[in-house]
Amino acid sequence: MSQTSLEDAIALILPLEKKCRVNNDHNNLREVSLHLVRLCRNVNDWDKLNAMLSLINKRSSQYKSTLTAVVAEASEYLEQVPSVAVKVDLLKTLKEVTDGKIYLEGESAKIHFTLAKIYEDRGDLTE
């Protein structure tokens, strides 16, 4: 799948995501949101993945079950990233998504710990 195809697919799926969210269709909303994340991962577009995670998080009336599923899915990708820089970017995005959400407290702690370990290994103790 090319970058243009990914953009086209996302443009087609986002209205469906909104329709599911507005109509309180929890199950389909979760699946549509997961599909958006998986599309970005399948083409190894890590920047677009981070953008989709942020977008899904910022949507008004977003459901806890959707965010929980999306964070769990994206967390699985941490071991598949091509570089430490990409991993740090993904961790920072996940940190932003989980911050302040009590229902994602466990995931947030794991993300913060992993990020702290990377900074510590680099010798960057100020971060």
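The values are calculated or read from the model by the stated rules, or taken from the named source; none is laboratory data. Everything quoted here is computed from the prediction, not taken from an experiment. Note that each Cβ is placed from the backbone with ideal geometry, even for glycine, and that neighbours are counted across all protein chains shown. Each accessible area value is taken on the protein alone, full model and side chains, heavy atoms only, with ligands, DNA and RNA left out. Shrake-Rupley method; radii C 1.70, N 1.55, O 1.52, S 1.80 Å.
Computed values, structure above
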{"item": "Of all residues making up the stretch 1-53, the number that are of a type outside the set (A, V, I, L, M), touching a Ser or Thr at 6+ places or on another chain (Cβ under 7 Å) and within 21 Å of Val81 (Cα to Cα)", "result": "2"}
{"item": "Failed criterion for Leu78 (all others in (1) open to solvent by 60 Å² or more (accessible area, probe 1.4 Å); (2) over 16 Å from Leu34 (Cβ atoms) hold)", "result": "(1)"}
{"item": "Any hit, the stretch 35-45, residues being farther than 28 Å from Asp8 by Cα, in contact with a helix residue (DSSP H, G or I) (Cβ under 9 Å, 6 or more places away or on another chain) and of a type in the set (Lys, Arg)", "result": "no"}
{"item": "Some residue of the stretch 2-20 being in contact with an Asp or Glu (Cβ under 8 Å, 6 or more places away or on another chain) and open to solvent by less than 40 Å² (accessible area, probe 1.4 Å)", "result": "yes"}
{"item": "Conditions (1) surrounded by 12 or more Cβ atoms within 10 Å (Cβ to Cβ); (2) not in a loop (DSSP other than H, G, I, E, B); number of the one not met by Ala85", "result": "(1)"}
{"item": "Some residue of the stretch 100-122 being surrounded by 15 or more Cβ atoms within 10 Å (Cβ to Cβ), free of Cβ contacts under 8 Å to residues at least 24 places away in the same chain and part of a helix (DSSP H, G or I)", "result": "yes"}
{"item": "Subset of the stretch 72-81 [charged (D, E, K, R) and either touching a Leu at 6+ places or on another chain (Cβ under 9 Å) or not in a helix (DSSP H, G or I) (or both)]", "result": "Glu73"}
{"item": "Neighbours by Cβ (under 6 Å, 6+ apart or cross-chain): first from the stretch 27-42, in contact (Cβ under 8 Å) with a residue 24 or more places away in the chain; second among the basic types (Lys, Arg) and assigned to a helix (DSSP H, G or I)", "result": "Leu29/Arg21; Cys40/Lys48"}
